[in-house]
Ligand SMILES: Nc1ncnc2c1ncn2[C@@H]1O[C@H](COP(=O)(O)OP(=O)(O)O)[C@@H](O)[C@H]1O
Ligand code: SF4
Ligand SMILES: [Mg+2]
């Protein structure tokens with residue numbers, strides 16, 4: 001069994017305190033009805049995203065990453081839990097108040113082309129949020145000020161306004177469509193952008209360009225990002241901290257360098273072992289591999305949800321669920337027998 005360190009040690013750990021956080025997600029639960037049963041997509045997830053921070057969420061396909069992102073957006077509303085943004089619990093507020101918050105909370109999706117309305121011109125897609133919500137400054141909108149702002153944001157994301165404004169999405173490549181999505185997400189100057197697998201559908205050669213663009217935008221506009229991906233190598237490069245998710249639960253949360261150099265949860269170790277290019281800075285990890293498939297979220301294993309695939313499983317693991325506790329400052333792990341401890 002593990003000893004945890006006192007919560008007060010988080011001050012020096014790089015973890016934002018709830019007071020400094022842009023977003024606080026508390027005990028988030030997302031369940032979907034499946035016949036007479038429930039599918040447990042997200043089962044009590046808690047984390048914060050700090051001002052100007054990028055938090056990566058990583059895990060295998062089907063582990064609940066997108067359900068978490070959508071539940072934060074209230075699309076649809078979660079089953080239970082809190083999503084505190086700008087001091088308000090988005091789960092508890094009505095549609096009208098939620099509409100007021102929307103400009104400052106944006107999401108970018110995996111499939112850049114289907115995220116765009118094929119019938120609209122780029123000018124209407126990128127200017128749409130201004131048409132719906134007005135300008136972030138509150139100054140009244142004129143056609144000239146709207147079009148100027150659309151042009152500025154297209155330029156900022158690396159597109160030529162003159163040749164793009166009047167064209168439609170099918171005339172662009174996947175990478176260009178993702179630039180259009182980013183311009184649309186940023187035009188109202190959000191505080192937090194949830195990026196759900198923003199490069200997974202793109203050619204490898206384009207992925208780095210879009211990641212660099214997101215980094216530039218983050219620095220230019222002081223954004224906070226929640227960066228969701230199944231690819232640990234991508235997440236590691238963009239994130240300040242990383243949260244590893246398994247079957248609807250967070251199993252490990254730590255600084256990006258820390259989780260990469262000192263993973264403590266057997267699942268994180270297995271994910272890292274699967275990253276193809278070894279990093280010379282990374283100590284060799286035992287090749288525990290990942291046996292078997294993700295169990296069904298309709299009937300998750302008792303105790304530790306990873307126990308059916310964990311090479312280090314013991315009796316306790318099926319009897320008691322390991323809580324996510326701080327093992328070293330800023331490093332949280334949900335395992336009865338964390339590695340390297
Ligand atoms: N609308 C839905 N109805 C029923 N099940 C869903 C729905 N959306 C997601 N799921 C299920 O929830 C689980 C988590 O899905 P998802 O959040 O998309 O995972 P990820 O993004 O990590 O791949 C999966 O088993 C998925 O099939
Ligand atoms: S709690 Fe047990 S089964 Fe779960 S990861 Fe730790 S050792 Fe493995
Ligand atoms: Mg997903």
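For the reader, a short list of remarks on this structure follows.
- When 173, 137 are sorted by how many other C-beta atoms sit within 10 angstrom of their C-beta, beginning with the fewest, the order is 137, 173.
- The label-point distance for residue 92 and residue 114, in a model that sets each label 7 Å from Cα toward Cβ, rounds to 3.7 nm.
- Shown here is the pair-distance distribution of region 124-279: with all Cα-Cα distances grouped in 5 Å bins from zero up to the longest one, the shares run 1, 8, 17, 18, 16, 13, 10, 7, 6, 3, 1, 0 percent.
- From helices alone, the chain scores -8500 deg cm²/dmol at 222 nm; the rule is -39500 (n - 2.57) for each run of n ≥ 4 DSSP H residues, then divide by the residue total.
- Theoretical FRET efficiency, 1/(1+(r/R0)^6), r = Cβ-Cβ of residue 220 and residue 299, R0 45 Å, to 0.05: 0.45
- Binning the C-alpha pair distances of the chain at 20 Å intervals from 0 yields a P(r) profile of 30, 56, 14, 0 %, listed from the shortest bin outward.
- Distance between modelled label sites at residue 316 and residue 17, nm, 7 Å Cα→Cβ extension: 3.2 nm
- For the chain, the longest principal axis of the alpha carbon atoms and the long axis of helix 174-186 meet at an angle near 80°.
- In nm, spacing of pseudo-spin labels at residue 36 and residue 203 (7 Å Cα→C-beta vector): 5.3 nm
- Reciprocal mean inverse distance between Cα atoms of region 32-176 - Kirkwood radius, Å: 18.0 Å
- Our summary gives region 82-180 a relative contact order of 32 percent, counting only alpha carbon pairs under 8 angstrom and 6 or more residues apart.
- Within the chain, percent of DSSP bridges classed antiparallel, to nearest 5: 60 percent
- Computed extension gain for residue 121 through residue 212, at 0.36 nm per residue and net of the alpha carbon distance, reaches 30.2 nm.
- Which of 170, 331, 336, 265 has the fewest Cβ neighbours within 10 Å, and the rest in rising order: 170, 336, 331, 265
Bear in mind that the values in this text are calculations on the coordinates, not laboratory data. Remember, it's a predicted structure, so these values are computed and weren't measured experimentally. Cβ sites come from the backbone with ideal geometry, for glycine too, and all protein chains shown count toward neighbours.
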